[in-house]
Structure formats: C-alpha cells, structure tokens
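Below is one structure, written out as structure tokens, with a few remarks after it.
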Amino acid sequence: KRVCLVASGRGPTDKDVDRVSQTISAIKEQNEGVEVCACLGLLSDGQASRLKDAGADAYNHNLNTSEATYGKITTTHTYEDRVSTVQQAQAAGMSACSGLIAGMGESDEDLVDVVFSLRELDPDSVPVNFLIPFEGTPLAKEWNLTPQRALRILAMVRFVHPDAEVRLAGGREVHLRTLQPLALHLANSIFLGDYLTSEGQAGKDDLAMIEDAGFEVEGAGTTTLPEHRTEADGLVTVRRRGAGTELPPNA
C-alpha cells in the first residue's frame, strides 16, 4: 500500500529533490494505487511543493524527543527546524508522518511531552521507533527498554493519537522481541524490511507474524483512517466535542 523513500543526511539539495522526484514519478506511473512517502531530512523553501507535484503523498520527519531534551541529543539543528519541516509538508498538501524515538535516556515526562507535541502538529501517521544502541555512538550504552516498557510506550501513543496511523517502526525486533505480535493490536502498521543502518526482521517472518495474529495486510484500495482524515464515508469519527474540548456536546 505504501513505499517510503528514505535518505540519510541533514536535508536534500535541490538536485537531490530532482532525483527523488524522478523516482516518485516512475513509481506512480508503474504502480498507480501505491502511496509514496518521502523521508529526506530538513526541507528548504519550495522543496515540499516540488515533491508533492512529483506525486509524493506523504512526508516523514520525526520530532524524535521532547523539546527540553532535544539539545542534549543533537546540536546540528534545532527542534524548531523539525517542526518547521513537518509544517512545510502539510502546507504543500502532503500527509504528515511524524513520530519519536524512545529509549535515548529520556524520562517518562519527556515521552509524554513529545507525544502531546506531535498531537498539536496533528500528523496523519505517528511512527514509534525504539533506539538501537550501536557500538561507537554516544548512545551505545543506552539499553533502557524492556519489552513491557516498549509496549506501554506504544499504548500511550495509541491513547494520545486515537485517530492517527500508529506505525511500529525501527528497533521493534530488538526491544519488543516475542511481544511483537501483541504490539500489532496497538499499531496500524509496521515498517517492513531493513532500516538505514541495521537489518530488520525478514519480510516473510513479518508477514507470517501478521497472519498468525489474525490480521490481514491492507491492499492499495483499502481505507481505514477516520473520515475527517480520508474524506471516506462510513467510518467512525473520534469525538472532538464535549468534555475536554472547547466545543459543547452535540455541537
């Protein structure tokens, strides 16, 4: 149903955007019903619109951690830079895909903060990544997650984003381990295949896990997101009026 084109680096040059746009166009020509998501880093002015014009349906750019913790993780760019890129993608008409990385030494408060910050951005999908502590990196010794904690983090994201596509992403094999099938009851989708710098679970094993858990893989023509996100008919809309909102009940 969806393919994601991912590049490492701070952000794309205009030449990079041209090259990726050609790839997006080719994918769309050969697979009309497939969604294309681009994940290229920080965007400059006008680049989001060019990707949209080429046929990109979505743009992935994670907030990763709370604003208070962000400066301890990276100094090459700011938290505000990331927020701006997500907003540029939305303004260009692309579906925003923005999530977090858990397990970097953050507190429970940091996790709650970033998940509610994401809610303010209102992305259509929220990837939940779990840090893989690679040897030779500053976070190499940050083994803070247990399968149960990873599952609770995923459940918290589900509660805060009841109408978004929650995606079970990087590090799930390392940290959830045998609890991965339970996570399928919380997430809408998983990233299948390898990641930028690590190998993922074999695709055939993922598909077997999905089938064994009683789920089916969505086809390109299947719609599951709520009506206010998809324009589709007949789907349940999450309550946004009454207690806890600024609107009266039954408004």
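The values are calculated or read from the model by the stated rules, or taken from the named source; none is laboratory data. What you see is a predicted model; the values in this text were computed from it and never measured. Methodologically, a virtual Cβ is constructed for each residue, glycine included, from the backbone with ideal geometry; neighbour enumeration extends over all protein chains shown. Calculation scope for accessible area: heavy atoms of the full protein, side chains included, ligands and nucleic acids excluded. Shrake-Rupley method; radii C 1.70, N 1.55, O 1.52, S 1.80 Å.
Before moving on, here are some points about what is shown:
- Cut-off 14 Å between beta-carbons: net charge of the residues surrounding L176, Lys and Arg +1, Asp and Glu -1: +2
- Average silhouette area of the stretch 2-158, convex hull of alpha-carbon atoms, in square nanometres: 9.8
- Most to least packed among 53-62, 178-187 [average Cβ atoms within 10 Å]: 53-62, 178-187
- Amide H to amide H distances under 5 Å link A102 with N129, F130, L131, where only residues 5 or more positions off or on other chains count and H is placed in the peptide plane.
- Mean sequence separation of contacting Cα pairs (under 8 Å, at least six apart), scaled by the length of the stretch 1-151, corresponds to a relative contact order of 20 percent.
- Using θ = phi - 60° in the Karplus curve 6.51 cos²θ - 1.76 cosθ + 1.60, the 3J(HN,Hα) couplings for the stretch 19-36 round to 5, 5, 4, 5, 5, 4, 4, 5, 4, 5, 5, 8, 9, 4, x, 7, 7, 10 Hz; x is entered for Gly and Pro.
- Backbone phi angles across the stretch 70-82, fed through the Karplus curve with coefficients 6.51, -1.76 and 1.60 (θ = phi - 60°), yield HN-Hα couplings of 4, x, 7, 9, 8, 10, 7, 7, 10, 4, 5, 4, 5 Hz in residue order; Gly and Pro are listed as x.
- Amide H contacts of I190 (H built 1.01 Å from N, in plane; Pro and chain starts excluded): L168 sit under 5 Å, all sequence-distant by 5 or more or on other chains.
- About the Cα centre, charge dipole magnitude for the chain (Lys/Arg +1, Asp/Glu -1 at Cβ), debye: 260
- Take each peptide in 91-100, 13-22, count the other Cβ atoms within 10 Å of every residue, and average; sorted highest first, the result is 91-100, 13-22.
- Scalar couplings 3J(HN,Hα) for the stretch 41-53, obtained by applying the Karplus form with A = 6.51, B = -1.76, C = 1.60 to θ = phi - 60°, are x, 5, 9, 8, 3, x, 5, 4, 5, 5, 5, 4, 4 Hz; x denotes Gly and Pro.
- In the context of the full set of protein chains, residues of the chain present 54 Å² of accessible surface per residue (probe radius 1.4 Å, heavy atoms only).
- Annotation: amide H-H contacts under 5 Å for L5 (H modelled 1.01 Å from N, sequence separation of 5 or more, or interchain): C37, A38, C39.
- In terms of the mean number of neighbouring beta-carbon atoms within 10 Å, the peptides 188-195, 34-41 order highest first as 34-41, 188-195.
- Non-local Lys pairs in the chain, i.e. 8 or more apart or on different chains, that have alpha carbons under 26 Å apart: 8
- Calculated [θ] (222 nm, deg cm²/dmol) that DSSP helices of n ≥ 4 give over the chain, each run adding -39,500 (n - 2.57): -11000 deg cm²/dmol
- When both the stretch 1-37 and the stretch 196-220 are represented by their alpha-carbon centers, they are found 22 Å apart.
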